[in-house]
1. Need one number: nm distance between label points at residue 302 and residue 215, each 7 Å from Cα along Cα→Cβ, rounded to one decimal.
2. Could you give the length gained by full extension between residue 469 and residue 591, i.e. 0.36 nm per residue of separation minus their alpha carbon distance, to one decimal place?
3. Could you do me a favour and compute the accessible area per residue for region 171-276, 1.4 Å probe, result in Å²?
4. From the residues 245, 262, 115, which one has its Cα farthest along the dipole of region 11-307 in the positive direction, the dipole being from +1 and -1 charges on Cβ of Lys/Arg and Asp/Glu about the Cα centre?
5. Give me a comma-separated list of calculated 3J(HN,Hα) values for region 620-628, in order, Karplus coefficients 6.51, -1.76, 1.60 applied at θ = phi - 60°, integers in Hz, x for any Gly or Pro.
6. Arrange the residues 8, 598 by how much accessible surface each exposes, largest first, with a 1.4 angstrom probe.
7. Could you tell me what a quarter of the Cα convex hull surface of the chain works out to, in nm² with one decimal place?
8. Under the √(5λ) rule applied to the eigenvalues of the Cα gyration tensor, what semi-axes describe the equivalent ellipsoid of region 143-186? Give them in Å, descending.
Amino acid sequence: MRQNDMNSLWCLIEDNYNVRNNRKYEGMFAQGNGYVSTRGVFEEGASDNSKDEEYMNKAGFVTVQGAKETKFKCGTYVPGITGNHPHLNEEIINLPWFLEFKVWFDNECLDMEKCSIDDYKRWLDFRDGTLNREFTWNTLSGAQVKMEYRRFLDRNIKNLSSQEINIKIVKGSGEVYIEAGIDGNVKTNGYNHFRDLKCLNIENRYIGLEVVTDNQNKICEASYIKCDKGFEWNIEKRENHILYTSRKAVEEGNKFVIRKYTAITTDRDLEVGNVSPLDRALNVIYKVEKESAENIYERHAKIWEERWEDSDILIEGDDKSQLAVRFSIYHLIRSCIEDDPRVAICAKGYAGEGYYGRYFWDTEIYMLPFYIYTNPKAARNLIKFRYNTLEGAKENAKRYGYKGARYPWESSIKGDEECPLWQFADNEVHITADIIFALWHYYSATNDYEFMVNYGVEMMVESSRYWVTRVDKNKNGGYDLLGVMGPDEYTPFTKNSAYTNRMVKFNLNKTVEFINVLSAMDRKNFNKIRNKLNLIDEELELFREISSKLTIPYNKERKLVLQSEDFESFADIDLDEIWTDRNRYFVQFISQDKMYRSKCIKQADVLALMMLFPQEFTNEEIKNAYEYYEPITTHDSSLSPATHATIAAWLGKEDEAVRFFNKAANVDLSLETDGAAEGIHIANSGGLWQLIVHGFAGVKSSVLEDTLKVQPKLPKHWDKLQFSITWKSKRYKITINKDRSYSIEEKLN
Ligand code: BGC
């Protein structure tokens, strides 16, 4: 049954329209179905704002890459459909705008900013991914029109979008005019990726738009509109724009339900076969034309229900946190393409054009745990993406003069380096080891041996080969990793970054460990792999040696893990003096040159290491690290607060944990900052999930523990916490009570 209750624990509600916040809500209200994502844009857009403006966008320093400030920004993204931007390299393409539905009453154009609007409400229902809007329009001609909108991207028929618009004439009479179409006048970051565009009037009944992109992908969008009584539809072609139009005299008491269905297809779709995108789109439309709207909705909603069954987190006693956590989980579910290993999840969760649709370590270290423990099939797919891009990683290593595979910092869909700024591309090498950590994380939680044998081991060996050529031998017979940027992007050239070195050791160790298991227990596969990869014993010996000789910089007197061997040599600066407005990024107050040689940290670095390997440090060491690094950490990256909250929770610093929890919860929900304007900070969404599960519930990851264990550190004001975990193919429900008593029950079904 359709959800009608606008439940405040399940719905993000906007009840006051303010143009200043529009783009932020567009990001927050993004919808997606595991195939396509769209921003939560008004169907009518804004009458004085073009979506087609051409402008120059150049790469800036990551944190402050300036996006064009527009009133609204339509966005339709099919992961994998990318093009080449002249300055930014490969980027995801914003596809033609298919949700368009414009209304005029007695020649007055409906515009949220300019018209007289009462009782405005817009809400995204996380339970079924439906975006709803309602308001009353007091027209200039004296009529009152109640408008209701509802739309969703179908989780069952993944190429389908359903829109329902209800128009009720509450008072007066007049003439309604509607334009509802597909508009190809759309740019991505100010750039036009469409090379060929055709508007189609199909049998005077359906409309379609075919596009060929600069990468030669073929895209089709086809719509069908229906209204059981009343409106007669004409089809009109304009420049790059095809639309239905209709004009009708209306009277008080008239009610109309209009439905617009759109099919979106591309030549990259998995099920493409020999059928063209246009024929596939039309097949979808022909099918739904005969179906009842209720049936279509029910099948869609059932899939959302199943996802929530496996991934919901229930928090009792703190409604605000409850909503924020469900908001994050909603976006994690929405942005994941569960069955296509040719793509992963981009850093803005396909809710905007920030970071250009590229893949970072965000996926492996911040988002992946959510999928590993709630939807292992989706997690497998994400790791498989890195296997599928191994050739790109090998090319990347070669380009830098190394052996093996070096994963790019900002990956394209093929695994090429797309980062336009050299210091990140060259130095932020931890990404390669992060991917192997994630692979092992997945393996340890699922026991998916088949995946390891067929794909994982190759990734491990090739990445290890890269590290062998990337380290330098020092005069003491040990090895150093020089010229490295760890997770903290404000110290670009360091010697032996603690985080990076530990991850590299893990990479090398686990490679040796897995090969040893194969050699001892599975000779057939061992021989196969040895032959395929030309693996020799001396190589394994070298992996072992480097792993044992790479050091984690440590100050014995202070019992302090050093971020890097040279961290203490950087200049001390007074953050308070420089950073006069903490609502803005620190980086906006300091030159890059000064920042790069000073002790100021962008995001969790040593603490990120401790989050992954807590058992390797004493409580005192974790506390020392927290107390030393946190005051000089700017949290300019949204990846930072959730990690700090987790460590604070472990240390029993409850107030700090709650403070950082709130910071993480507000990254996208805040209206004070840019929030979700350029997309969802989806790594933070994953971080928030980890903070609750690993931090407040104290579940140890499967990399650390063989059995599922809980060590609650619930904030005092929470009455109950409940969630599900999939662990080694079994599903469990974990309940933690206010007094920190808990139960772990196996879920049977
Ligand atoms: C962070 C990186 C992150 C990237 C994408 C940057 O601001 O410093 O750690 O991978 O954003 O989210």
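The values are calculated or read from the model by the stated rules, or taken from the named source; none is laboratory data. Source: prediction; values computed, not measured. Positions of Cβ are backbone-derived with ideal geometry, glycine not excepted, and every protein chain shown enters the neighbour counts. Only protein heavy atoms, including side chains, enter the accessible area calculation; ligands, DNA and RNA are left aside. Shrake-Rupley method; radii C 1.70, N 1.55, O 1.52, S 1.80 Å.
1. Simple spin-label model gives 3.5 nm for this pair.
2. 40.5 nm
3. That works out to 44 Å² for each residue.
4. 262
5. So the J values, rounded to whole Hz, are 5, 5, 5, 5, 4, 5, 4, 6, 7.
6. 8, 598
7. The directionally averaged projection comes out at 32.7 nm².
8. One finds semi-axes of 28, 16, 6 Å for region 143-186.
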